[in-house]
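A quick write-up on the structure given underneath.
Values quoted throughout were computed directly from the atomic coordinates according to the rules given, and no laboratory measurement underlies them. Just so it is clear, the model here is predicted, and its values are computed rather than measured. Backbone-built Cβ (ideal geometry, glycine too); neighbour counts: all protein chains shown.
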Amino acid sequence: MIKIGVLALQGAVREHMQSLEACGVEAIAIKHKEELQEVDGLILPGGESTTMRRLIDKYDFMDALKGLAAEGKPMFGTCAGLILLAKHLIGYNEPHIGVMDVTVERNSFGRQVDSFEADLAITGVADDFPAVFIRAPHIVDAGENVEVLCKHNGRIVAARDGQFLGCSFHPELTDDHRITAYFVEMVKEAKQKQLV
Amino acid sequence: MKTGTDRVKRGMAEMQKGGVIMDVVNAEQAKIAEEAGAVAVMALERVPSDIRAAGGVARMADPRIVEEVMNAVSIPVMAKARIGHIVEARVLEALGADYIDESEVLTPADEEFHLNKKEFTVPFVCGCRDLGEAARRIGEGASMLRTKGEPGTGNIVEAVRHMRKVNAQVRKVVSMNEDELMTEAKLLGAPYEVLLEIKRNGGLPVVNFAAGGVATPADAALMMQLGADGVFVGSGIFKSENPAKFARAIVEATTHFQDYSLIAELSKGLGTPMKGIEISSLAPEARMQDRGW
């Protein structure tokens, strides 16, 4: 059985767990770093990235998260999760986990009154994915090995860099599990490779 | 591309789950809150305990304070408008506040009607003591709920009462047959459609935070155990001896609300919390929770 963790320090944890379960895999809420050893992949949910970062530092999660990435385990960040994964952040000297080769700008669509939803075409996922953007970040620049999966009004809002998947929007706020299913496939492939 | 949809407005509150929203009165406090790990701040002119002490009419904060706080932090900024005060709410929306609290902490502007929150692009949070009140606010377009508690008292008893009441009534609705819901709607004073949504959803369609009297890390953890999605802390933090330490402790207790040895550790040496008020010593007209209809 594939086991996928959801970082459960703050944010929309339950929705991601339900989406994973709908895709037929076991979902584990990760509140302690030791629990990361059990999982084949990890979702970093939407929420407040500053809050998550403070709790990551407080509970000494950072090395374990970087270790998970170094083992080749897939990681998927939505909104705040994308901010945590990015190698470069506009306006900040240091990234958070800093493993996905993208440059991200926070709150780049404006404040809450500018939050919106739109149906988007995502390469390899769907032609009409209902994407909910809430005080969302976007990918300003992507490294050469990064596959851009989706743009909205010229801005990159979903991308894949090998084992890392990131999006600006919140698939967890809809009943559409297709992007979660895409990530589950990434996890299955990675696990297969490690077994060979 | 659509703005101001239910999904966008309710979704914003979903992202705050498991977090602490802190009352602040200036940029300096806002920065302390953000640094401590708050998921949002509520920009106010005075915290509830000072509103209580000052008396008189309490209104929306000076827009300069709201702006100062918005410029100081990158986390969402909420602000309070008086119940039924359409223009205060529109002004806060125009300023770019991320969420508006139509709040009984301020003196109501309308003693009969709440705002029609569906007409706004900005989302609203409202207080509730029971499911009837919660469902009426959802019916008017609130995208987030919180217990009313008794603000500015540092006494958790009313927030506990309200959280237990709402959750017990939600459980009852979920377990009822659909053909019993209309009568339940009549008894609760709740819109039938909202009860139907609760029944089909298996719970409230919006998040419900604890608010009104949270004064210690243990209080915050208690409310999470009773089923709160997160916690508002008003006067508790900046009325304590060491606000930064206190704020960090509340955030951690909210995340790890079942880790008792951790809560013991972070409750040590926090200094004196705000002095509380026994609810029965409040005059009826001083009870903020009775405002709202």
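Annotations for the structure displayed:
- Counted charge near A:GLY143, where neighbours are those whose Cβ lies closer than 9 Å (Asp, Glu -1; Lys, Arg +1): -3
- Per-peptide packing, taken as the mean over residues of other Cβ atoms within 10 Å, places B:16-22, B:121-127 in the sequence B:16-22, B:121-127 from highest down.
- Cross-link partners of A:LYS73 among lysines, defined as those whose alpha carbon lies under 25 angstrom from its own and excluding same-chain residues fewer than eight positions apart: A:LYS3, A:LYS31, A:LYS33, A:LYS58, A:LYS87, A:LYS188, A:LYS191, A:LYS193.
- Eigen-decomposition of the gyration tensor built on the alpha-carbon atoms of the protein assembly as shown gives equivalent ellipsoid semi-axes of 36, 25, 22 angstrom, largest listed first.
- For region A:74-125, the pair-distance distribution built from all alpha carbon pairs, in bins 10 Å wide starting at 0, is 22, 43, 32, 3 percent.
- Peptide A:44-52, shielding by other chains (average Cβ, 10 Å cutoff): 6
- In angstrom, the C-alpha Rg and Dmax of region A:97-196 are 14.0, 50.
- Applying a DSSP loop filter and a limit of 15 other Cβ atoms within 10 Å to the GluC sites (Glu not before Pro) in region B:191-259 leaves B:GLU241.
- Note, ³J(HN,Hα) from phi for region B:271-278, Karplus 6.51, -1.76, 1.60, rounded to Hz, x at Gly and Pro: x, 6, x, 4, 6, x, 10, 6
- ³J(HN,Hα) computed for each position of region B:143-159 - Karplus, 6.51 cos²θ - 1.76 cosθ + 1.60, integer Hz, glycine/proline x: 9, 7, 10, 8, 5, 7, x, 10, x, x, 9, x, 10, 7, 4, 6, 4
- For the pair region B:215-277 and region A:135-196, the centres of their Cα atoms are 37 angstrom apart.
- Taking every C-alpha pair closer than 8 Å and separated by at least 6 residues, the mean separation divided by the residue count of chain B gives a relative contact order of 20 percent.
- Residue-averaged beta-carbon neighbours from other chains (10 angstrom radius) around A:4-17: 3
- Amide H to amide H, with H built 1.01 Å from N, B:ALA81 comes under 5 Å of B:ASP101, B:GLU102, B:SER103, counting only residues 5 or more places away or on other chains.
- The ranking of A:CYS150, A:CYS79 by Cβ neighbour count inside 10 Å, starting from the fewest, reads A:CYS150, A:CYS79.
- Spatial extent of region B:1-91: Rg and Dmax, with the Cα atoms as the point set, Å: 14.1, 47
- Centre separation in Å (Cα based) which lies between region A:104-119 and region B:130-196: 31 Å
- Dividing the helix sum by the residues of chain B, where each DSSP H run of 4 or more adds -39500 (n - 2.57), gives a mean residue ellipticity at 222 nm of -12500 deg cm²/dmol.
- Chain B has equivalent-ellipsoid semi-axes of 28, 22, 19 Å, by the square roots of 5 times the alpha carbon gyration tensor eigenvalues, sorted largest first.
- Principal axis box of chain A, alpha-carbon based, largest edge first, Å: 41, 36, 33
- Simple Cβ-charge dipole of the protein assembly as shown, Lys/Arg +1 and Asp/Glu -1, about Cα centre, in debye nearest 20: 580 debye
- Inter-centroid distance (Cα atoms) of region A:26-94 relative to region B:54-83, Å: 33 Å
- Cα lying deepest toward the dipole's positive end in region A:3-195, options A:THR123, A:ILE156, A:GLN192, charges on Cβ: A:ILE156
- The charge dipole of region A:3-195, taken about the Cα centre with unit charges on the Cβ atoms of Lys, Arg (+1) and Asp, Glu (-1), comes to about 400 debye, rounded to the nearest 20.
- Dipole axis of the protein assembly as shown (+1 Lys, Arg; -1 Asp, Glu on Cβ), positive-most option in A:HIS177, B:ILE237, B:ILE32: B:ILE237
- Unit charges at the beta carbon, dipole of chain B: most positive-side option, B:ILE21, B:ASN201, B:SER103: B:ASN201
- Region A:117-128 - phi-based ³J(HN,Hα) in whole Hz, Karplus 6.51/-1.76/1.60, Gly and Pro as x: 10, 7, 8, 10, 8, 10, 3, x, 10, 6, 8, 9
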